[in-house]
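Encoded as structure tokens, the structure appears first; notes follow it.
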Amino acid sequence: MEGIRFPVWNVVERKCLKFIVLVVVGVLAGGVSSKLFAAPQGIGEQRQEQSGQVQPQLEHESEVPTPLATLIEEAKRNDPAIHSAEEAARAATFVAPQMSALPDPQFTLQQFSVGSPRPFAGYTNSDFAYIGLGASQQLPYPGKLKLRGAVADRDADTAKAHIEVVLQDEIETLKTTYLHLAYLQQTLGILQRNAALLEQMEQQAEAHYSTGKGNQQDVLKAQLERTKILREVSMHHQSVGGAQAELKRLLRRPQDSLDIIAAPIAATFLRYTASELLDKVRAQNPNIQENSAMVQRNQTAVELAQKEFRPDFGVSFMYENTDRKFRDYYELSFNVNFPRRLPWLAAGKIHIE
């Protein structure tokens, strides 16, 4: 009996020893793997908590997409840069009538005393003492006022074209940010599906490794890929927050207001040839229109500068009233103002020493 039991005991002992060795190796491997993979799993749990918090928040804030045209109209109403350009253009329209009008007339009240500095001294006993009333008017050389008004009109046209430039810049920034936000919101689902697939792959790799059918390298690769996708999701949410902040800034909304949901975007194809696009740019680009208005303004300003060398004229009239026993005086004056041509200006050169 003992000879029979001894082999059986040896077999049982060997199996128990083998089982204990496998348990110890498994515990050690499990401890090592738990230490190695603690950080990625923690990141995954944290990312799941954050994504679990973000999704209900977005769904709670707004689920209806806001069309881009609605945001453009809102930006036109609230953007101070556009309002400033509009006010500058409105103010420029009032300059042309002022520049094309005659200079302000001057009225004079004059009192001339004789024999004493006292007012009205000698008024009743001297024919030199008088009280005078007069008016004078400056008359620019013919054509100057018209050119000055034309220059002011070109300035107003430039200011009006500048409105479109500012509007285009703001709307272009708004469109770019809106489309970027739409892209981020559409790619969020793809990233979440990829993260779910990588999580399943990680679980399968850990299950195979725990049963001895896989190796530790497969688990490491699976957790590394999942860590990468979680990092990409985190950066994706950060980009979404930046796009939301930029849109709210352009729309002058409070930063704590509801987030904007962009409408789904789809690919569109260009329907114009290169020559047609060039014609549209020349006809509709506000920068070209502003530059064209500036060129016309400068051409008119050159004509005005040449006209400024022409003399200006002045007319004045004075009525001098004396006492009733003396005759009154009447004075009419005409003057000419000749602009001085500086030598360096006439030669068209400026010398600076």
- Note on the structure: Carbon plus sulfur, as percent of the 1.4 Å-probe accessible area of the stretch 246-347, comes to 55 percent
- Query: Between LEU139 and residues 5 or more places away or on another chain, which pairs have amide H atoms under 5 Å apart, with H built 1.01 Å from N, and which residues are they?
  - Reply: PHE313, GLY314, VAL315
- Using Cα positions and a limit of under 18 Å, work out the aspartates and glutamates in reach of LYS325, with same-chain residues fewer than 8 apart set aside. ASP127
- Please give, to one decimal in nm, the separation of the simple spin-label points placed at ASN321 and GLN98, each 7 Å out from Cα toward the Cβ. 3.6 nm
- Note on the structure: Expected unfolding gain across LYS221-PHE313 under the 0.36 nm per residue rule, minus the alpha-carbon gap, is 23.8 nm
- Query: Which percent of the accessible heavy-atom area of the stretch 166-225 goes to carbon and sulfur, probe 1.4 angstrom?
  - Reply: 55 percent
- Query: By a straight-distance test (C-alpha under 15 Å), which aspartates and glutamates pair with LYS213 as possible cross-link partners, with residues fewer than eight away in the same chain excluded?
  - Reply: GLU202
- Relative to the present Cα-Cα distance, how much length would full extension add between ARG90 and ALA135 at 0.36 nm per residue of separation? 12.8 nm
- Towards the positive end of the charge dipole of the stretch 226-353, with charges on Cβ (+1 Lys, Arg; -1 Asp, Glu), say which of PHE313, PRO254, PHE334 has the farthest Cα. PRO254
- Take the alpha carbon atoms of the stretch 118-173, find their center, do the same for the stretch 279-340, and report the distance between the two centers in whole angstrom. 8 Å
- Message: Explain nothing, just the number: dipole magnitude of the stretch 133-191 about its Cα centre with +1 on each Lys and Arg Cβ and -1 on each Asp and Glu Cβ, in debye rounded to the nearest 20.
- Response: 360 debye
- Query: Which pairs in the list LYS76/LYS280; LYS175/LYS248; LYS76/LYS248; LYS248/LYS280; LYS160/LYS307 are over 21 Å apart, alpha-carbon to alpha-carbon?
  - Reply: LYS76/LYS280; LYS248/LYS280; LYS160/LYS307
- In the neighbourhood of THR158 defined by beta carbon distances under 9 Å, the net charge of the other residues (Lys, Arg +1; Asp, Glu -1) is 0
- Note on the structure: Rounded to whole Å², per residue accessible area for the stretch 81-165 with a 1.4 Å probe reads 60 Å²
- With a 1.4 Å probe and every protein chain kept in, tell me what percent of the accessible surface of the stretch 70-131 is carbon plus sulfur. 59 percent
- Query: Does a label point 7 Å from the Cα of GLN306, set along Cα-to-beta-carbon, have any residues of the stretch 148-162 with amide nitrogen under 16 Å, and which are they?
  - Reply: 148, 151
- Task: Give, as a single signed number, the net charge of other residues whose beta carbon lies under 14 Å from the beta carbon of PRO142, with Lys and Arg counted +1 and Asp and Glu -1.
- Result: +2
- Principal axis dimensions, the stretch 152-256 - Cα atoms, whole angstrom, descending: 88, 26, 16
- Residue-normalised accessible area of the stretch 211-288, expressed per residue, 1.4 Å probe, Å²: 67 Å²
- LEU332 to THR70: FRET efficiency via 1/(1 + (r/R0)^6), r the Cβ-Cβ distance, R0 56 Å, to the nearest 0.05? 0.20
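The values are calculated or read from the model by the stated rules, or taken from the named source; none is laboratory data. What you see is a predicted model, and the numbers here were worked out from it, not measured in a lab. Neighbour counts run over all protein chains shown; Cβ positions are idealised from the backbone, glycine included. Just the protein is used for accessible areas: all its heavy atoms, side chains included, with ligands, DNA and RNA removed. Shrake-Rupley method; radii C 1.70, N 1.55, O 1.52, S 1.80 Å.
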